[in-house]
Structures are given as structure tokens and as C-alpha cells.
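Participant: Sharing a structure here in C-alpha cells format.
The values are calculated or read from the model by the stated rules, or taken from the named source; none is laboratory data. Since the model is a prediction, treat every value here as computed from it, not as a measurement. Cβ sites come from the backbone with ideal geometry, for glycine too, and all protein chains shown count toward neighbours.
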Amino acid sequence: MARSSVLANRLKDVVDRVIDNVEKVIIGKREVVELAVVALLCEGHILVEDVPGVGKTMLARSLAKSLGCTFKRIQFTPDLLPSDVIGVSVFNQKINEFEFRPGPVISQIVLADEINRATPRTQSSLLECMGERQITVDGVTRQMPKPFITIATQNPIEYEGTFPLPEAQLDRFLMKINLGYPSEEDENDILLSQQRRHPIEELEAVIGTEEIIELQTSVKEIHIEDSVREYIVRIVRATRNHPDLLLGASPRGSLALFKTSQALAAISGRDYAIPDDAKRLAPFTLSHRLIVKPESQLKGYTSEKIVQNILNKVEVPLAEEV
């Protein structure tokens, strides 16, 4: 008999409130909103790759408003400097000392808009805060606020004037997601909802910062059977031996799939993860970490297709009834 707990049910209720609230703005994209909340529960960062105008910025803004978090948007451009992102020390003549002026990255939810338009030097300024949750300016280290999540966006079809994200940067994103175009019915609903004013203007917080941190701690207690953990490892190891890949997923990819499986179980009202959690999340947590061989790209292979191929081949363990 499947088990559940008071903690899992309470966590699901809170998360459902957040998702329902965000859906007032992001219409018809519940799975995408769920994935964003999964990343938040895992204290992970999100890369949103999609064409302009489908709601990438609105997803970040509505999530921040629903959580009552501070929100900053950074527009990445070729002339953006690292100091424009993390901040700079400025000499104050009145007190005869240097003062630190924080950059916009010091916020709870940060939108790095069109991140691939900035130079590699500026992109790398995000590495420390994303990986270590701290920034170092002039030898002084400052901690990021809690919770802290970066939502970066990029346009997949516009390459002129862009700088592709290096593997070290991509590997720090917990998952990569796409919103896609809305259905005909949803697009009609979007037009109606914005006829007089944008729904985000009326969006209010449904939980507070302390509650978010508590949820992030609770998710770590979600149980994962040995068989499910071993299944995750087999999936990731299969990417390292695949004939169409130059580079497979790192152990950070294994951890991403492990943690997100716990979070997905939690928002599903379970206090234990099942193989289907890992199977559902593998394309979002692993695809952006892989490098496809050039000759395989010419044959039409993509990292998403290869992950799906691996999932079809790796044996799924039988879920134990508890």
C-alpha cells in the first residue's frame, strides 16, 4: 500500500497554492510551473530556452511575487561588465573608506535575461554566486540571501551577437526548460486576461520566505529506495558511454536528478520517490549537460533525443509497495 505522510501532504498543499497563483499569469503551462517550483525546492537554478514573447520573464516575476521574494532583472548585453552584475567598491570621500555597492545579483530571485548576449567574462561572474551562493569583491566574500535562485533566459534561434554558455556554466543550472507556444484555447484565455490590465499587477504572495526555507529543508527528507538511486546512476552513466555523445553528464547531473526526484515526489504528495519521478525529470536535468558529436548532429540527433533513447533502454526497477 502506498504511503504518504502529514509532512508530504502539507508540503503538497503549500506548493499547490504557489502553482495555482503563478498560473493566474502563466496560463496553460502547469508542467513548466511545477518544474520551476521543483527547482526552487532543490535550491537550484533554471535555464529557460525559448523564443521571445512566450512568458519567460513573466514566469520569473510571477514566481517571485507568489513567494514574496525580492526580485531583480539583469538585461545581459555585450557591454555588460561583471561589476554591473555583482557590485563594486566605491571610495567614499566623506568617511575616507571604500563602500560596497551591491549589484542586482544580490536578490532572492534573479532574472538573467538573454544571458548568452553577454561576454564569457560577464557570464562567469555568475559562477560563484550560482555554485557557492556567495560573491567575492576586492577580497571580501558576501553571502547571497536565502532563498536564492537564478532564472536565466536565452533565445535558441538567434545566434548573431551571442556567446554560447560554456559547459561549466551550463552544468550549474539544475534544469533547462522550455515554455513553448500556448494552445489555441489558452491563447484566447491570455488575451481575455490581459484585456484591461496585466494579471501580474494583482498577484500577491501566498507564502513567506521562512516557509520556503522550511520547505527546502523538508524536501531533503523524502525517501529514495536503493533501487531508485541505482536507477538514477545507471541513467547518468549511460550518457558517458553513449556512442553519439562527446561528453556525458557529470556527477552534478546525478545529484540534480536525485534531488529533483525528491522534490517531484513531495509536490505529488508522497514522502518517497519512485522510478517514474527520475524518468520524467531526466530530460530536464541532463540534456543541457551533454555534448552531441558533430557527425551525430548532422544525422538529426539532439541531446533530448539521446536522453529519451537512454531512458527507453535502461531497465526500470519495480517500485516496491510500502
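Participant: For the stretch 81-95, does any single residue satisfy the condition of being within 23 Å of Pro199 (Cα to Cα), surrounded by 14 or more Cβ atoms within 10 Å (Cβ to Cβ) and among the polar types (S, T, N, Q)?
Facilitator: No; the residues of the stretch 81-95 include none that is within 23 Å of Pro199 (Cα to Cα), surrounded by 14 or more Cβ atoms within 10 Å (Cβ to Cβ) and among the polar types (S, T, N, Q).
Participant: Identify the residue in the stretch 36-67 that is in a loop (DSSP other than H, G, I, E, B) and among the charged types (D, E, K, R) and, among all such residues, is modelled with the lowest pLDDT.
Facilitator: Going through the qualifying residues, I end up with Asp50.
Participant: Just give me the residues in the stretch 220-234 being of a type outside the set (Lys, Arg) and either in contact with a helix residue (DSSP H, G or I) (Cβ under 6 Å, 6 or more places away or on another chain) or surrounded by fewer than 19 Cβ atoms within 10 Å (Cβ to Cβ) (or both), in sequence order.
Facilitator: Passing the criteria: Glu221, Ile222, His223, Glu225, Asp226, Ser227, Val228, Glu230, Tyr231, Ile232, Val233.
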